[in-house]
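The values are calculated or read from the model by the stated rules, or taken from the named source; none is laboratory data. Since the model is a prediction, treat every value here as computed from it, not as a measurement. Because the Cβ atoms are built from the backbone with ideal geometry, glycine has one as well, and the counts that use them run over all protein chains shown. Quick note on the areas: whole protein, heavy atoms, side chains included, nothing else; ligands and nucleic acids left out. Shrake-Rupley method; radii C 1.70, N 1.55, O 1.52, S 1.80 Å.
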Amino acid sequence: MGGGGQQTDRITGTNARFSTYTWEEVQKHTKSGDQWIVVERKVYNVSQWVKRHPGGLRIIGHYAGEDATEAFTAFHPDLPLVRKYMKPLLIGELEASEPSQDRQKNAALVEDFRALRERLEAEGCFKTQPLFFLLHLGHILLLEVIALMLVWYFGTGWINTAIVAVLMATAQSQAGWLQHDFGHLSVCKSSRWNHLVHKFVIGHLKGASAGWWNHRHFQHHAKPNVFKKDPDVNMLNMFVVGKVQPVEYGVKKVKHLPYNHQHKYFFFVGPPLLIPVFFQFQIFHNMVSHGLWVDLVWCISYYVRYFLCYTQFYGLFWAVILFNFVRFMESHWFVWVTQMNWLSMQVHSELSQPHWLVATCNIEQSAFNDWFSGHLNFQIEHHLFPTMPRHNYWRAAPHVRALCDKYGVKYQEKTLYGAFADIIRYNTNLKSHGFTFKKSFCSELFLYNMKQH
């Protein structure tokens, strides 16, 4: 991390370190190469810094011209250290007459939310229980060992191979939740150790890239379900989410597929192919194109380990088949879990965002749901406090619900069955609820574009 030295005001050409600005002035600086953000009423010129931001340049770009205080607090566990590195980027602060929040946010709600965070910190909700994560890592490694031992003792018959594949897919899915913990810096006190273990888990245990994950996932957290900013609703090589977006891309024949007919192929493309095809290609393309050579070495170590272990029993061809079958099952697990909180929720533009506090929903708590989803059944609490260790989400949930009730914000919780049913209902009803009424969707799209202009 580093700074950019003395900054110069683009308007006056004078030193702007101690200048004051209105929101109108800040909101002029939103384009690539000219980006300002506001954090805790201080104005920062991040135009050059974005290229070196550890979380990726797009996440800062998404907040250009905006108040990024909530995101800044949520994503950085060591705030004093980050503030130290931000000092060279400081160019001034908001004028005293300006509100602290942009986009007509409820100031009282923002203050209550910050008070809630301080309360949860005081109650120890951000403290990690190391044994929890050691046991979680241990059960992943145990599943891997049992799978290999079964092949060693019982051979490569179809039934035994099916059992082995289920064990390996379970290990991969659970490793996915574990890398998510380290990626959010929610396990170790030191960010450096979090990053190192993250590379080990996502690279050596899963064969993926930490840099690729950071780039995608932090954008999702910064602007969840926001049109054109959340990559999880813009997977344009396969499918897109929402009412307006599939019509826009399908009718205009943008990108690769007839997205206005995606309800007909979602279950044949989304769950089975997301990880083994889309993510697999994207990961290697990202590592090579962005020069993530350390990630590539970790990733290769996974493939070397896998093929050394299994080609001796299955041969190269069937080892490749087994690998892809495991990815196929893991992909179903991943898609159903990650979409149960999001797919049936509203996809919106920045201007029509329903509420910054809650853009998702929860799935009811149980020992199985916690394990099966990696505690992402507490999706609301996770998005509000991404650096909180997941074993403490249940402690934060009642406080968050009370805050939502106080301000009339919908806090939605579903059963696991109900969430899965909503995914099916959403995709099977797209035609009857949407695509036969293209005029209404085109009207919505027209209104959206009018707002943008």
Next on the checklist: Checking Ser173 against (1) open to solvent by less than 20 Å² (accessible area, probe 1.4 Å); (2) more than 27 Å from Arg216 (Cβ to Cβ), only one condition comes out false. Which one?
Outcome noted: (2)
Checklist entry - Is one or more of the residues making up the range 150-161 at pLDDT 95 or above, within 25 Å of the chain's Cα centre (by Cα) and either among the aliphatic types (A, V, I, L, M) or outside any loop (DSSP other than H, G, I, E, B) (or both)? => result no
Checklist entry - Do you know which of the residues in the range 404-417 that are assigned to a helix (DSSP H, G or I) and open to solvent by 20 Å² or more (accessible area, probe 1.4 Å) is nearest to Val187 (Cα to Cα)? => result Leu416
Next on the checklist: Every residue in the range 268-294 that is aliphatic (A, V, I, L, M) and surrounded by 13 or more Cβ atoms within 10 Å (Cβ to Cβ), please.
Outcome noted: Val269, Leu273, Leu274, Ile275, Val277, Ile283, Met287, Leu292, Val294
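Results for (1) open to solvent by 70 Å² or more (accessible area, probe 1.4 Å); (2) in a helix (DSSP H, G or I); (3) over 19 Å from Thr22 (Cα atoms); (4) modelled with pLDDT of 80 or more, shown as yes or no for each residue.
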{"residue": "Ala64", "(1), (2), (3), (4)": "no, no, no, yes"}
{"residue": "Pro80", "(1), (2), (3), (4)": "yes, yes, yes, yes"}
{"residue": "Lys87", "(1), (2), (3), (4)": "yes, yes, yes, yes"}
{"residue": "Glu93", "(1), (2), (3), (4)": "yes, no, no, yes"}
{"residue": "Ala96", "(1), (2), (3), (4)": "yes, no, no, yes"}
{"residue": "Arg103", "(1), (2), (3), (4)": "yes, no, no, no"}
{"residue": "Ala108", "(1), (2), (3), (4)": "no, yes, yes, yes"}
Next on the checklist: On the basis of being surrounded by fewer than 17 Cβ atoms within 10 Å (Cβ to Cβ), within 21 Å of the chain's Cα centre (by Cα) and either under 30 Å from Ala208 (Cα atoms) or modelled with pLDDT under 95 (or both), does Asp112 make the cut?
Outcome noted: no
Checklist outcome for this item: Counted residues in the range 184-208 being among the hydroxyl-bearing types (Ser, Thr, Tyr) and under 16 Å from Leu81 (Cα atoms) come to 2
Checklist entry - From the residues in the range 128-146 that are open to solvent by 40 Å² or more (accessible area, probe 1.4 Å) and under 16 Å from Ala171 (Cα atoms), which one is nearest to the chain's Cα centre (by Cα)? => result Leu137
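Okay, residues lined up against (1) touching a helix residue (DSSP H, G or I) at 6+ places or on another chain (Cβ under 8 Å); (2) in contact (Cβ under 8 Å) with a residue 40 or more places away in the chain; (3) surrounded by 20 or more Cβ atoms within 10 Å (Cβ to Cβ); (4) part of a helix (DSSP H, G or I):
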| position | (1), (2), (3), (4) |
| --- | --- |
| Phe126 | yes, yes, no, no |
| Val166 | yes, yes, no, yes |
| Ala169 | yes, yes, yes, yes |
| Asp181 | yes, yes, yes, yes |
